[in-house]
């Protein structure tokens, strides 16, 4: 039996992956997987239990007991608790990057991620969706943007939520995360083979979504 189709959108933080993936999924009527949220949620659970980010086995053991749901507008629910804001803070982002380099954690989350592949299809966003998790995906995209642009986007997002944020700190954190993600030995951040690269620096969300949908329509034959 053929598997449900998958569209992957990978790239570094604050390239608009989450918003774009959500919009594409909505247009197609597909399910959505925010893989970054899985790592952030697991990082949040580890911090709540006072685990060290280097305790790979202990952190991985938490995964089976976590219930995660994605809601409208980027809402994320962990065990019926809204953690949407908590997992977007810079500390959670740093921890997520650190535990994502642990082989035990990646192995524990792999079946969880693949379980999101259901009819009629899936849009999966993250850093290794097209390269590792769904290497057989029908359509693969890799989104980029300059670190400065991404820091400004993250700053605007956090300020809009009434949270305290300093642009220089966000830029430093983004560059540090990029370096960690690119240099890790397991699933380093890089475009999957055959992925279409889109620089979102000067594009609106709608423009990127239209580009993605255009490629998909062309591959489908209109």
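For this structure, a couple of remarks:
- Rounded if a/c under 1.5, otherwise prolate or oblate - the range 56-144, Cα gyration tensor axes: rounded
- Helix-only arithmetic for the chain: the sum of -39500 (n - 2.57) across DSSP H runs with n ≥ 4, divided by the residue total, places the mean residue ellipticity at 222 nm at -14000 deg cm²/dmol.
- In terms of its C-alpha gyration tensor, the range 14-208 comes out rounded, because the ratio a/c of the largest to the smallest axis stays below 1.5.
- Going from the fewest other Cβ atoms within 10 Å to the most, the residues 129, 89 appear in the order 89, 129.
- Normalised by the number of residues in the range 1-66, the average gap of Cα pairs under 8 Å and 6 or more apart makes the relative contact order 17 percent.
- The range 1-80 and the range 82-137: distance between their alpha carbon centers, rounded to Å: 5
- Counting only DSSP beta bridges whose two residues both lie in the chain, roughly 25 percent are antiparallel.
- Prolate/oblate/rounded call for the range 101-222, Cα gyration tensor, a/c under 1.5 rounded: oblate
- Mean Cα-pair separation over length for the chain, i.e. relative contact order, pairs under 8 Å, 6 or more apart, %: 33
Where a number appears in this text, it was derived from the coordinates with a stated rule and is not lab data. Given the structure is predicted, the values throughout are model-derived calculations rather than measurements. Cβ: placed from backbone, ideal geometry, glycine included. Neighbour counts: every protein chain shown.
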